[in-house]
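Colleague: Can you keep this structure in mind? I'll have questions shortly.
The values are calculated or read from the model by the stated rules, or taken from the named source; none is laboratory data. Note that the coordinates shown come from a computational prediction; the quantities given were computed from them, not determined experimentally. Cβ sites come from the backbone with ideal geometry, for glycine too, and all protein chains shown count toward neighbours. To get the accessible areas, we keep the full protein, side chains included, count just its heavy atoms, and leave off ligands, DNA and RNA. Shrake-Rupley method; radii C 1.70, N 1.55, O 1.52, S 1.80 Å.
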Amino acid sequence: MARGGIILNSDEKWMKKVFKLARRGRGGTSPNPQVGALVIREGEPVGSGYHRVAGGPHAEVVALGRAGERARGATLYVNLEPCSHRGRTPPCVDLIISAGIARVVAALEDPNPRVSGQGFKRLREAGIAVKTGVLAAEARRLNEIYLKFITTGRPFLAIKAALTLDGKIATAGGDSRWITGERSRRYVHTLRDRFDAIMVGLGTALKDDPRLTTRFAGGRDGVRIVVDSRARLPRTARLIDSSRSAPALLATTTGADPDRCRHLRERGMEILTLPAREGRVDLEALLKVLGERGLASVLVEGGGKLNYSLLEQGLVDKFYLFLAPLICGGREAPTAFDGAGVEKIRDAWRLGQLELKRFGPDLLLTGYPVKEGEETCLQE
């Protein structure tokens with residue numbers, strides 16, 4: 001089997017299929033990882049499964065259940081180390097051992113301190129051959145949210161922005177509907193479904209009055225967050241909607257008007273009072289609190305001031321930049337990152353691990369902040 005001209009060996013071939021299984025749980029497993037599992041006997045699949053929802057059966061349990069007695073002497077492929085501790089479900093390693101699996105092939109060790117190598121150790125002690133590191137880079141990308149959250153306690157934070165070719169997110173008069181086409185906007189709702197929380201700044205909340213919901217059948221709504229240092233959000237804002245399954249949260253400071261906070265609270269909005277940093281909400285403190293609440297991921301949807309503050313403070317993990325074939329012009333037209341900026345190009349923030357996709361006439365560029373010594377590359 002070839003991938004971009006590279007011949008995959010048998011273990012890699014099956015691991016690619018495991019990744020496809022794991023992605024079926026995308027959006028439903030948080031704060032757990034996305035995991036797929038395949039049982040292969042004499043070169044043929046005899047059982048498959050994926051982790052569908054947090055608290056539900058793990059991928060290994062589903063795959064082994066479907067394999068039954070055919071699992072004895074077979075190989076189990078899984079993209080993340082099987083758990084060896086009892087959480088909401090029993091340890092997977094016990095089932096793997098009792099099922100008679102002869103070999104386990106895994107992509108990554110689980111960095112969760114409750115697992116972290118213990119699963120592999122238990123399997124080896126039981127006489128099971130264990131191979132690790134198969135397509136590890138792809139496995140890390142698959143579970144980038146989980147890996148960030150489980151190792152830092154902070155949510156994985158991504159910025160989504162829709163830009164014209166000259167970098168504007170609206171005209172000088174403030175009009176931004178719609179920069180991108182319908183296909184791009186549909187994909188944004190797919191993104192929202194995958195993140196635990198959707199965050200905007202006050203400016204975006206006032207200008208667009210968004211609902212910040214996921215509008216397709218079966219989609220989940222993330223916690224809707226407005227960063228508003230003075231609690232100036234109107235009580236009539238559409239995102240304050242108690243009929244939705246996910247709460248709305250206002251992140252503010254002690255400088256906010258107590259009456260405004262009380263009125264918003266009466267409307268059903270949760271008020272989170274945080275320390276101030278130069279008169280604004282301390283964003284690092286906000287992310288710490290969100291992580292403590294079990295929110296593993298945050299999708300930021302503008303505007304330029306909030307985006308720039310997050311970028312400047314080194315809090316961004318990923319970018320989703322939609323580029324529309326439009327040119328707005330205008331010195332006063334807002335940009336996606338509206339701050340002081342850098343004086344020298346050499347000091348500019350750089351993106352790496354780039355991928356380019358097309359949605360009708362629009363392009364979606366995804367990338368990650370480049371760390372020192374890393375190279376940039378583009379994949380189509």
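Colleague: Report in % the part of the accessible area of the chain that belongs to carbon and sulfur, leaving out ligands and nucleic acids; probe 1.4 Å.
Modeller: Numbers: 8970 of 18630 Å².
Carbon and sulfur together cover 48 percent of it.
Colleague: Can you list the lysines whose alpha carbon sits under 20 Å from that of Lys121, skipping same-chain ones fewer than 8 residues off?
Modeller: Correct list for Lys121: Lys131.
Colleague: Next up: Give the residue from Val300, Ala348, Phe322 lying farthest towards the positive end of the charge dipole for the stretch 227-380; charges sit on Cβ (+1 for Lys and Arg, -1 for Asp and Glu) and the dipole is referred to the Cα centre.
Modeller: Checking the options against the dipole of the stretch 227-380, the answer is Val300.
Colleague: Could you do me a favour and compute the accessible area per residue for the stretch 135-184, 1.4 Å probe, result in Å²? All intermediate terms of the calculation are to be shown ahead of the outcome.
Modeller: Details: 2170 Å² over 50 residues.
Solvent-accessible surface per residue comes out at 43 Å².
Colleague: Another question, if that's okay. What do you reckon, how do Asp347, Asp11, Asp317 stack up by accessible area (1.4 Å probe), largest on top? It would help to have the intermediate numbers written out before the result.
Modeller: On the way: Asp347 85, Asp11 15, Asp317 35 Å².
Ranking Asp347, Asp11, Asp317 by accessible area, largest first, yields Asp347, Asp317, Asp11.
Colleague: Using +1 on the beta carbon of Lys and Arg, -1 on that of Asp and Glu, and nothing else charged, what's the dipole of the stretch 208-249 about the Cα centre, debye to 20? Spell out each step's value before the answer.
Modeller: Working: 9 positive and 5 negative charges, 10 e Å.
About 40 debye.
Colleague: Between Lys16 and Asp175, with labels modelled 7 Å along Cα→Cβ, what's the label distance in nm to one decimal, could you check?
Modeller: Reported label-point gap for Lys16 and Asp175 is 4.7 nm.
Colleague: Related question: Residue by residue, what Karplus-based ³J(HN,Hα) values in Hz, rounded to whole numbers, does the stretch 204-211 have, using 6.51, -1.76 and 1.60 with θ = phi - 60° and x for Gly and Pro?
Modeller: Karplus-based 3J(HN,Hα) across the stretch 204-211 equals 5, 4, 6, 6, 9, 6, x, 8 Hz.
Colleague: So which GluC sites (Glu not before Pro) in the stretch 234-325 are both in a DSSP loop and have at most 13 other Cβ atoms within 10 Å of their Cβ? Write down the numbers at each step before the final one.
Modeller: Numbers: sites: Glu266, Glu270, Glu278, Glu284, Glu292, Glu301, Glu312; in loops: Glu278, Glu301.
Sites meeting the loop and neighbour criteria: Glu278.
Colleague: Would you check the accessible area of Ile240, probe 1.4 Å, heavy atoms only, in square angstrom rounded to 10?
Modeller: My reading of the accessible area for Ile240 is about 10 Å².
Colleague: Now, a different point. Just read off the accessible area of Tyr50 with the full protein assembly in place, 1.4 Å probe, to the nearest 10 Å².
Modeller: 60
Colleague: Using a 1.4 angstrom probe on the protein heavy atoms only, line up Leu250, Leu135 by accessible area, largest first.
Modeller: Working: Leu250 0, Leu135 20 Å².
Of Leu250, Leu135, the descending order of accessible area is Leu135, Leu250.
Colleague: Classify the stretch 195-349 from the C-alpha gyration tensor, please: rounded if a/c falls under 1.5, else prolate or oblate depending on whether a/b exceeds b/c. Please report the intermediate quantities before stating the final value.
Modeller: Details: a/c = 1.57, a/b = 1.34, b/c = 1.18.
Prolate, because a/c is 1.5 or more and a/b exceeds b/c.
Colleague: Just to confirm the number: angle between the C-alpha axis of helix 10-23 and the first principal axis of the chain, 0 to 90 degrees, nearest 10?
Modeller: Taking the Cα atoms of the chain, the angle to 10-23 is about 40 degrees.
Colleague: Between Arg215 and Lys121, what is the label-to-label distance in nm when each label sits 7 Å out along the Cα-to-Cβ direction?
Modeller: A separation of 5.2 nm, rounded to one decimal place.
Colleague: Return the single residue from Ser84, Ser98, Ser229 with maximal mean-square fluctuation; model: Gaussian network over the chain, springs between Cα atoms under 10 Å.
Modeller: Highest fluctuation among the options: Ser98.
Colleague: Under a point-charge model restricted to the Cβ atoms of Lys and Arg (+1) and Asp and Glu (-1), what is the dipole moment magnitude of the chain relative to its Cα centre, in debye to the nearest 20? Intermediate values should be presented prior to the final figure.
Modeller: Values: 60 positive and 44 negative charges, 197 e Å.
Value, rounded to 20: 940 debye.
Colleague: Order the following by accessible area, largest value first: Ile96, Ile179. Probe radius 1.4 Å; ligands, DNA and RNA are ignored. Intermediate results must be reported in sequence, preceding the final value.
Modeller: Details: Ile96 0, Ile179 25 Å².
Largest accessible area first, the list is Ile179, Ile96.
Colleague: Run the numbers for Arg140 and Ala276: contour at 0.36 nm per residue of separation, minus the present Cα-Cα distance, in nm.
Modeller: Full extension from Arg140 to Ala276 adds 45.5 nm.
Colleague: Tell me the accessible surface of Thr236 in square angstrom (1.4 angstrom probe, heavy atoms of protein chains only), to the nearest ten.
Modeller: 110
Colleague: Compute the Cα gyration tensor for the stretch 1-144, then decide on rounded, prolate or oblate, letting a ≥ b ≥ c be the square roots of its eigenvalues: rounded whenever a/c is under 1.5, prolate when a/b is larger than b/c in the other cases, and oblate in all that remain.
Modeller: On the way: a/c = 1.36, a/b = 1.08, b/c = 1.26.
Judged from the Cα gyration tensor, the stretch 1-144 comes out rounded (a/c under 1.5).
Colleague: Moving on. Among the lysines, which fall within straight-line cross-link reach of Lys318, defined as a Cα-Cα distance under 16 Å, with same-chain neighbours fewer than 8 residues apart omitted?
Modeller: Lys148, Lys160, Lys357, Lys371
Colleague: Keeping all protein chains in place, calculate the accessible area per residue for the stretch 3-78 (probe 1.4 angstrom), answer in Å². Display every interim value, and only then the final one.
Modeller: Working: 3530 Å² over 76 residues.
Value returned for the stretch 3-78: 46 Å² of accessible area per residue.
Colleague: How big is the dipole moment of the stretch 278-380 about its Cα centre under a simple scheme where the beta carbon of each Lys and Arg is +1, that of each Asp and Glu is -1, and everything else is neutral? Debye, nearest 20, please. All intermediate terms of the calculation are to be shown ahead of the outcome.
Modeller: Working: 12 positive and 17 negative charges, 34 e Å.
Here the size comes out at about 160 debye.
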